[in-house]
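Only the coordinates and a few stated rules stand behind these numbers; no lab work does. Model, not experiment: these values are computed from the prediction. Positions of Cβ are backbone-derived with ideal geometry, glycine not excepted, and every protein chain shown enters the neighbour counts.
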């Protein structure tokens, strides 16, 4: 995703997801960050 077209496409896609489900992009980003720190939700198997 280094081209301007690619970045614009991803931006449009994320905007549409956020429009349909407000807060979902931010919530998923937070989950990704927590997993990177080693946190697991109940029922998840270790990575």
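Sorting 26, 37 from the fewest to the most surrounding beta carbons within 10 angstrom yields 37, 26. Stretched out fully, how many nm does the piece from residue 37 to residue 13 gain, at 0.36 nm a residue minus the Cα gap? Full extension of this stretch gives 6.0 nm more.
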